1. For segment 162-219, compute the orientation-averaged projected area of the C-alpha convex hull (one quarter of its surface), in nm².
2. Give, as a single signed number, the net charge of other residues whose beta carbon lies under 11 Å from the beta carbon of LYS145, with Lys and Arg counted +1 and Asp and Glu -1.
3. Rounded, prolate or oblate: pick one for segment 11-162, where a ≥ b ≥ c are the square roots of the eigenvalues of its C-alpha gyration tensor, a/c under 1.5 means rounded, and failing that, prolate if a/b is larger than b/c, else oblate.
4. Restricting things to Cα coordinates, could you compute the convex hull volume per residue of segment 146-289 in Å³?
5. Below 8 Å between Cα atoms, with a sequence gap of 6+, how large is the relative contact order for segment 150-261 in percent?
6. Could you please report the charge total around PRO77, scoring K, R as +1 and D, E as -1 over all other residues with beta-carbon less than 9 angstrom from its beta-carbon?
7. Could you tell me the distance between the Cα centroids of segment 114-188 and segment 28-60, to the nearest Å?
8. Quick one: which residues, 5 or more positions from PHE246 or on another chain, have an amide H under 5 Å from its amide H? H modelled 1.01 Å from N in the peptide plane, none for Pro or chain starts.
Amino acid sequence: MKLSITGYSTALFSTWYFIEELGILFDAGDGVSAGLLQKSRKIKHAFISHADRDHLAGLIQFNQLNAREKLPYIYYPKDSGSFPAIANFCKKFDPHVTGTQWQAIAENERIYLNSNLVVESIKNGHIAAKEGVTKSLSFTVFEIKRKLKEEFGALSGSEIKALIDTYGKDYTTYELKNPLISYSGDTPVEDWDRWKNANILIHEATFLNVEGEVIPDKAKNKHSKLEEVIEMVAQSNVKHLILGHFSTRYSKEQIELAVSKMIKKYQITQKVDIIYPGEINRMTIESNA
Ligand SMILES: [Zn+2]
């Protein structure tokens with residue numbers, strides 16, 4: 001499936017990614033509506049990774065421009081109080097705007113966008129939270145197909161239908177999950193297996209960690225360093241990596257150089273795209289399993 005991705009991602013200021021064919025928005029930082037113009041109308045499902053202001057400040061305008069009957073859906077980590085606050089504010093500020101579906105989600109939830117598209121939420125460590133508490137999420141979009149189990153291959157259509165009616169579809173078929181696109185949100189690199197089979201991975205790489213660089217203590221364990229991301233991707237089946245959320249402390253040239261150094265060091269064969277600070281980037285990528 002071809003995916004057209006428009007993204008803006010600059011640490012501290014704003015992050016949003018729009019996947020046109022899926023009608024999905026990952027995060028809604030400042031400027032998302034101004035950046036997408038009429039295309040923001042195509043967003044049906046907005047998944048907000050966490051409540052840091054650079055990931056949600058565009059929600060008010062996005063909501064009032066696009067709300068219509070039962071749309072859009074805005075999903076957010078269930079224990080972030082910021083979202084009910086914003087939802088309440090929007091209802092008072094724009095009382096004529098109705099239709100928006102604010103939905104709290106936990107980790108490991110499955111959100112069906114239709115019968116063959118599902119989004120799964122993954123808890124990440126950007127915001128420390130006890131077990132069962134959800135404050136920061138990553139997401140993967142899967143294309144789902146049901147395949148007939150081999151042992152039933154010789155049966156006719158009506159025989160299969162009869163089996164499904166009697167024993168349920170899990171008895172006769174199994175689910176095939178094709179990960180179309182994954183989004184890390186803000187997160188440290190925590191688990192190399194998390195993105196092992198991602199076709200397209202959008203991952204944050206806030207810090208280049210160039211020689212002599214001092215990374216502020218409070219940011220240290222909450223974000224990813226470029227090298228950690230590349231090292232992880234080198235061990236994975238990721239086919240296409242999109243790097244974003246770079247700090248504005250780096251110039252475009254510094255980022256370009258650091259990324260190409262890391263590609264060489266870890267002998268990355270995957271395609272790598274960079275979302276430079278302050279720029280809206282547009283790309284079309286083929287996502288196949
Ligand atoms: Zn951020």
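Since every read-out is calculated from the coordinates, none of them should be taken as a lab result. Predicted model only: the values in this text are computed from it and were never measured. Please note: Cβ atoms are built from the backbone with ideal geometry, for glycine as well, and neighbour counts cover all protein chains shown.
1. Details: hull surface 26.7 nm².
Dividing the Cα hull surface by four gives the mean projection, 6.7 nm².
2. Values: positive: ARG146, LYS147, LYS177; negative: GLU143, GLU175.
Within the 11 Å Cβ shell, the charges total +1.
3. Numbers: a/c = 2.31, a/b = 1.69, b/c = 1.37.
The shape class here is prolate.
4. Working: hull volume 22.6 nm³, N = 144.
So the per-residue hull volume is 157 Å³.
5. On the way: 132 pairs, mean separation 29.5, N = 112.
Normalised by residue count, the contact order of segment 150-261 is 26 percent.
6. +1
7. 26 Å
8. Result for PHE246 returns ALA11, ALA205.
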